[in-house]
Amino acid sequence: MKISDVGENTLIEIIQDLISSSESRPDFRRQENLILGIGDDAAVWKTESGLEISTTDTMVQGVHFSFAYSSWYDIGWRAMASNLSDIAAMGGAPLYALINIGLPIDTDVDNVKDLYKGILAVGDKYSVRIVGGDLVKSHIIFITIVIIGASSQNLMLRSEMKSGDVIAVTGSLGSSAAGLRVLSGALTNNSEMHKSIIDTHLRPTPRIIEGQILAENGIRAAMDISDGLVIDLNRLCNSSGVGAIIHTDKIPTDRRLQSDFSGEEILGWALSGGEDYELLFSGPESIVLSVIPMMPSGATIIGEVSGFNVGRVSVLGPENKPIKLNDKGWDHFKL
């Protein structure tokens, strides 16, 4: 059996089972300090001063980025922003980062400087200190970032969705996928509108402030949208043992896309495009309605949590007719 047969989620479960078996040993040290391990946006460890949040992510040339349309600066920005988005999903505050980079030996030093300028442009916005890392020789370029953050006791987790809660998202969805479409040559990118769409893909904004507002005001279930709304909501449902219903007419999208793309394309990107790095969250309707006006990027209720069809996301279109999806989102290992 190959990993292309099982896909990313099943492979993670296999690895998680192996780690759980190891941790069950009687001599395993300090197990009580682990608050949250594999299965959420970040791991959480209890320290004497509070809760420590840690996350890591890797971007690989040819898989996550291409120099055909990304600059070194853009790559650094996206690498840092995607990691910060995981901290945001927990409601945490980022503190410091470790940067690991693989580079061919003929890489121009100025390019490496531009990469770090992109990393620092995002990190400085949220007071993230770069404290170390590693440089290695590699045939392809890759960048791995580890971020350590902190949180109060008000964590947001994937496992806290409750039947009867409403589901909401920050910002708008689908623009990153549309930006990639423009970059890939589907449209000329010489207009200001197209440049703005491109920026949503190349230079996403991690919702750190929004995550902290949500956590501080009673929201307990959240994750960031990196692989696509439907597949990420499915992960939330599986972690919480619930189902979900979302309504396509409530999903927020950028109206500027309508001038160049069909409604079907825009909806497809909003549901499955991925790399939006918005926050997907749920809670009692009264709490969600109270926090929406506080969101700098805005937020919209798009559905509700169901006690039925555990682990399943139902997508309803006009007149509440079910929509069948052909593409449910990004999976690293599915062919």
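Where the convex hull is taken over the Cα atoms of the stretch 158-320, what is its projected area averaged over directions, in nm²?
Numbers: hull surface 36.3 nm².
Value for the stretch 158-320: 9.1 nm².
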Handout entry: Cα-based reach from residue 324 at 22 Å (exclusive), listing lysines while leaving out same-chain residues under 8 positions away
Key = 250, 334
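Taking the Cβ of each residue in 64, 139, 201 as the centre, tally the other Cβ atoms inside 10 Å and list the residues starting with the fewest.
Details: 64 18, 139 9, 201 23.
Starting with the residue having the fewest Cβ neighbours, the order is 139, 64, 201.
Viscosity 1.002 mPa s, temperature 20 °C: give me the Stokes-Einstein translational D for the stretch 136-198 in µm²/s, with Rh taken as the Kirkwood radius over C-alpha pairs.
On the way: Rh = 16.8 Å.
Value of D from the Cα-based Kirkwood radius: 128 µm²/s.
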Exercise for the section: Mind jotting down the distance between the C-alpha centroids of the stretch 43-109 and the stretch 202-249, whole Å? Expected result: 19
Exercise for the section: Run the dipole for the stretch 195-239 about the Cα centre, Lys and Arg Cβ at +1, Asp and Glu Cβ at -1, nothing else charged, and hand back the magnitude in debye, nearest 20. Expected result: 60
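Please compute the contact order of the chain in relative form: average sequence separation of alpha-carbon pairs under 8 Å and at least six residues apart, divided by the residue count, as a percent. Walk me through the numbers on the way to the answer.
Working: 721 pairs, mean separation 74.8, N = 335.
For the chain, the relative contact order is 22 percent.
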Problem - Rg to Rh, two decimals, where the stretch 38-125 supplies the alpha carbon set and Rh follows Kirkwood - result: 1.03
Exercise for the section: Please state the charge dipole magnitude for the stretch 39-151, taken about the Cα centre, from unit charges on C-beta atoms (+1 on K and R, -1 on D and E), reported in debye and rounded to the nearest 20. Expected result: 120
Completion exercise
The exposure ranking of 85, 259, 163, fewest beta-carbon neighbours within 10 Å first, is 259, 163, 85
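Please give the length that would be gained between residue 139 and residue 159 if that part of the chain were fully extended, namely 0.36 nm times their separation in residues minus their C-alpha to C-alpha distance (nm, one decimal).
Values: separation 20, 0.36 × 20 = 7.20 nm, distance 3.96 nm.
The span from residue 139 to residue 159 would gain 3.2 nm if fully extended.
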Fill in the blank from the handout: Proxy exposure order for 239, 175 (fewest C-beta within 10 Å first) is 239, 175
Handout entry: Relative contact order, percent, the stretch 39-151 [alpha-carbon distance under 8 Å, six or more residues apart]
Key = 42
Completion exercise
One finds, for residue 48 and residue 193 with R0 = 41 angstrom and r their Cβ-Cβ distance, a FRET efficiency to the nearest 0.05 of 0.20
Practice task
Consider the candidate values (1) 20.3, 69; (2) 24.2, 80; (3) 19.8, 63; state which one is Rg and Dmax of the Cα atoms in Å computed from the structure displayed.
Solution key: (3)
Fill in the blank from the handout: Note: residue 108 to residue 324 extended length (0.36 nm per residue) minus current alpha-carbon separation gives 73.0 nm
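May I ask for the longest run of the chain untouched by trypsin sites (Lys or Arg not before Pro) that are loop-located per DSSP and have at most 10 neighbouring C-beta atoms (other than their own) within 10 Å?
On the way: sites that count: 2, 29, 30, 324.
It works out to 31-323.
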Fill in the blank from the handout: Taking the square root of 5λ for each eigenvalue of the C-alpha gyration tensor of the stretch 87-137, the equivalent ellipsoid has semi-axes, largest first and in whole angstrom, of 25, 12, 8
Exercise for the section: Could you pull out every residue, at least 5 positions away or on a different chain, whose amide H is within less than 5 Å of the one on residue 221? Hs are placed 1.01 Å off N in the peptide plane, and Pro or chain starts have none. Expected result: 157, 282
Practice task
Return the single residue from 289, 233, 18 with maximal mean-square fluctuation; model: Gaussian network over the chain, springs between Cα atoms under 10 Å.
Solution key: 18
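Compute the length gained on full extension between residue 255 and residue 96: take 0.36 nm times their separation in residues and subtract their Cα-Cα distance, giving the result in nm to one decimal. Don't skip to the end; give the middle numbers.
On the way: separation 159, 0.36 × 159 = 57.24 nm, distance 3.68 nm.
Between residue 255 and residue 96, full extension yields 53.6 nm more.
Throughout, read-outs are computed from the coordinates displayed, never taken from laboratory work. Given the structure is predicted, the values throughout are model-derived calculations rather than measurements. When we count neighbours, we look across all protein chains shown, and the Cβ atoms used for this are built from the backbone with ideal geometry, even at glycine.
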